[in-house]
Amino acid sequence: MSSNHAGAPDAAHLACFADTYAAARAKFQLAAVEAGGVITSYVHPDAQGPDGGSLAIEVAAFGPIDAARALLIVSGTHGAEGYTGSAAQVALARSGALGQLDRDTRVLLVHALNPYGFAHGTRTTEHNVDLNRNFVDFAARLPSNPAYLELHEQICPRDWDEATRAATDHAIEAWIASHGAKAWLDSSMKGQYDEPTGLNFGGRAPEWSNRTLQQILARELPALQRLAFIDWHTGLGQPGQPFFLCFNEPGSAHWERACAWWGRERVANEVGFEGGQRPPYNGLVFYGVRDLVAPAQLTGAVIEFGTGPIKASFDQLRADRWLRFGDVPDDPALVARMRAQIRAMFTPTDDGWRSGVIEHALQIQQQALHGLAQWTA
Ligand SMILES: [Zn+2]
């Protein structure tokens, strides 16, 4: 494995990234097979890629199926962020680490959990569901978010011209001035279950990706007792730096374990919200996996790589949503330009960024494997 830190970008790290969903899928399959993994494809029953190609969640499994310990690594929960998580998985497979697992240890790489979003370069699923808000109990009363409803038309205007953007930004700033930055962060990020065309819509039922993940966990980890979990994302945090969102209870044994694996200063850090407090997210994949594997224990984190200021990435999410539901003019060049900007926001093209995040990702994945081996009580 390379130990190239601040210097020139590492060509092997850069080569882990693909340019399309189909290429990422092929690269993942090849790297996993070459590392000795067993691949299962869960093909989407009715959605296709923009080129008409098939969509699938691919699972690569390493180690015995009856292992009591496992490391689960997910990429592409948010489609436009999929390239980086995919590259992190490919880098791990190519590192050789999966060919020398400890006894009683299994590794599951789940590639493109939201293949529709990955292939189309959009955050959400084929139903505009934010998969990372979809793991709630749909039989119970769904979480309410009245502040989002108040703001929906400003966040998601029908037009996206300069005048509309200025006017809606102004209205949002006025709302923040009277309600506070914390209320804004919460209402705009924690999830909402009322506006199917809005941002952070958690859905009205479990998505295909959600149901498929349930199937994967039941089938692939039948003897599980201890699970280490990483869900790769991009967008929050300092550019190129990992930003940890551990959703284990702060202060619990699991939280302490995550601190021991990855460093307390990282796990207990709020810098990714530009100093603000983390919103009370609903329906995370993290919570879904934790509940699905119980009574097995889970220690893990959503791990982001920063790409730019929150305001800039939030505006790209608004643009992404507008391209699907707004009054979009018949202007293919405009659409292509906007899609490229969204993609660059969540998967920066800069070689230094890409090389650096793969360096971090390799280390973080190794730390989880190492921690898993030490996890006894
Ligand atoms: Zn994300």
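Things to note:
- When the range 196-234 is filtered for residues that are among the aliphatic types (A, V, I, L, M) and closer than 25 Å to ASP186 by Cα, the ones remaining, listed by number, are LEU199, ALA205, ILE230.
- The residues listed here are ALA88, ALA80; of these, the one that is in contact with a Cys (Cβ under 9 Å, 6 or more places away or on another chain) and surrounded by 24 or more Cβ atoms within 10 Å (Cβ to Cβ) is ALA88.
- Residue list for the range 202-244, filter: of a type in the set (Phe, Trp, Tyr) and open to solvent by 10 Å² or more (accessible area, probe 1.4 Å): TRP208
- Counting only helices (runs of 4 or more DSSP H) that sit wholly inside the range 269-354, those with at least 2 residues that are modelled with pLDDT under 95 are 310-325.
- Of all residues in the range 59-103 being at pLDDT 95 or above and among the acidic types (Asp, Glu), the one that is farthest from the chain's Cα centre (by Cα): ASP66
- Contact annotation: residue pairs with Cβ atoms under 9 Å, 6 or more positions apart or on different chains, pairing a residue in the range 216-238 that is part of a helix (DSSP H, G or I) with a partner that is among the basic types (Lys, Arg), are GLU220/ARG106.
- In the set (1) part of a loop (DSSP other than H, G, I, E, B); (2) away from the ligand (no atom under 16 Å from the Cβ); (3) within 16 Å of THR234 (Cα to Cα), LEU362 fails one condition alone, (1).
- In this structure, ASP291 qualifies as within 21 Å of LEU113 (Cα to Cα), away from the ligand (no atom under 13 Å from the Cβ) and within 19 Å of the chain's Cα centre (by Cα).
- Checking each residue in the range 194-218 for being among the acidic types (Asp, Glu) and over 16 Å from VAL285 (Cα atoms) picks out ASP194, GLU195.
- Any hit, the range 326-342, residues being among the β-branched types (Val, Ile, Thr), under 30 Å from THR168 (Cβ atoms) and buried (at least 16 other Cβ atoms within 10 Å of the Cβ): yes
- Members of the range 50-76 that are open to solvent by less than 10 Å² (accessible area, probe 1.4 Å), assigned to a loop (DSSP other than H, G, I, E, B) and either away from the ligand (no atom under 16 Å from the Cβ) or in contact with a strand residue (DSSP E or B) (Cβ under 6 Å, 6 or more places away or on another chain) (or both): LEU55, ALA67, SER75
- Residue list for the range 107-136, restricted to those being surrounded by fewer than 24 Cβ atoms within 10 Å (Cβ to Cβ) and away from the ligand (no atom under 16 Å from the Cβ): LEU108, GLU126, HIS127, VAL136
- For the range 27-39, a residue qualifies if it is surrounded by fewer than 23 Cβ atoms within 10 Å (Cβ to Cβ) and within 20 Å of the chain's Cα centre (by Cα), and the qualifying residues are LYS27, GLN29.
- Selection from the range 254-298 of residues that are touching an Asp or Glu at 6+ places or on another chain (Cβ under 7 Å), crowded, with 20+ Cβ neighbours inside 10 Å and of a type in the set (Lys, Arg): none
- With respect to the conditions (1) open to solvent by 10 Å² or more (accessible area, probe 1.4 Å); (2) more than 16 Å from the ligand (Cβ to nearest atom); (3) hydrophobic (A, V, I, L, M, F, W, C), PHE247 lacks only one, and its number is (2).
- Checking SER144 against (1) of a type in the set (S, T, N, Q); (2) exposed (fewer than 14 other Cβ atoms within 10 Å of the Cβ); (3) within 16 Å of the ligand (Cβ to nearest atom), the condition it does not meet: (3)
- Among the residues of the range 177-209, those that are in contact with a Ser or Thr (Cβ under 9 Å, 6 or more places away or on another chain) and in a helix (DSSP H, G or I) comprise HIS179, TRP208, SER209.
- GLY352 fulfils the conditions (1) more than 19 Å from the chain's Cα centre (by Cα); (2) loosely packed, with under 14 Cβ neighbours inside 10 Å; (3) within 18 Å of ALA15 (Cα to Cα) except for a single criterion, (2).
The values are calculated or read from the model by the stated rules, or taken from the named source; none is laboratory data. Since the structure is predicted, the reported quantities are computational estimates derived from the model, not experimental observations. Heads up, the Cβs are rebuilt from the backbone with ideal geometry, glycines too, and the neighbour counts pull from every protein chain shown. Note: accessible area is taken over every heavy atom of the protein model, side chains too, but ligands, DNA and RNA are not part of it. Shrake-Rupley method; radii C 1.70, N 1.55, O 1.52, S 1.80 Å.
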